[in-house]
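A.B. asks: To start, I am sharing the structure in question, which I have written as structure tokens.
Derivation of every value follows stated rules applied to the coordinates shown; laboratory data play no part. Source: prediction; values computed, not measured. Counting neighbours? That spans all protein chains shown, and the Cβs are built from the backbone with ideal geometry, glycine included.
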């Protein structure tokens, strides 16, 4: 499999419109756009959670490794809280206040551990640009409590020095590739190896999750389809295990007004952590 030169993209440098805890998340959005595709990725190990939006429980028993969505959400602002399963919202382990998302975007919100092991939420804009015939897009996101890593394909580093919470991406030949993750500049494998099936016209997003110190590093995968040609709308995607209660999550968000959208203006969302 021929691999091109890969480039690392810092969250703050690649995107420009939504901000959680100092990390930007969107490119410019057309003024006519009114909704966004939003997926939620759970990468906090050993912590099933309930998700509250504007004080309402919308996702119950959301397990580590689960991916919910994508959801079509109208523009608006939301307060988001994650609690340990069954606990009340006032005992949240993680909250995001005044989250704003402009319409027309394709977004993944990753609940994960920061570099120091603290729970946090990082939004990523998903690159849904077209890929050439015979190509697929590979995106790797470092969302683990771990030092810088290199990502290898067939034993050769293709993403180097990737740090939390940044991403690296490239369009590559479609097909199967064996990949692993090593500590940057070493041959010490910390994740994998695993075979990735990169289908033509898709984007495969791989999240490194967990904690190096706790020795529970792993990955979550998300796939976005429909990148062969100009999309009729915002490409959606799938991937991971759908968490319980996705229907309720959709009902509250769509009916209640908005999870993460903000019309032309951009607000900063404040992330707070509660008791672990």
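A.B. asks: Which of the three applies to the stretch 67-160, rounded, prolate or oblate, going by the alpha-carbon gyration tensor with a ≥ b ≥ c and a/c under 1.5 meaning rounded? Numbers along the way, then the final one.
C.D. replies: Values: a/c = 2.85, a/b = 1.35, b/c = 2.11.
Since a/c reaches 1.5 but b/c is at least a/b, the shape of the stretch 67-160 is classed as oblate.
A.B. asks: Give me the one-decimal nm value for the distance between modelled label points at residue 216 and residue 60, 7 Å along each residue's Cα-to-Cβ direction.
C.D. replies: Roughly 2.4 nm, to one decimal.
A.B. asks: Also, quick follow-up: Using Cβ counts within 10 Å as a stand-in for footprinting exposure, how do 77, 215, 200, 118 rank, fewest first?
C.D. replies: Values: 77 20, 215 8, 200 15, 118 12.
In order of increasing Cβ crowding within 10 Å: 215, 118, 200, 77.
A.B. asks: OK, next. What does the extension gain come out to for residue 188 and residue 156, with contour length at 0.36 nm per residue minus their alpha carbon separation?
C.D. replies: Computed gain between residue 188 and residue 156 is 10.2 nm.
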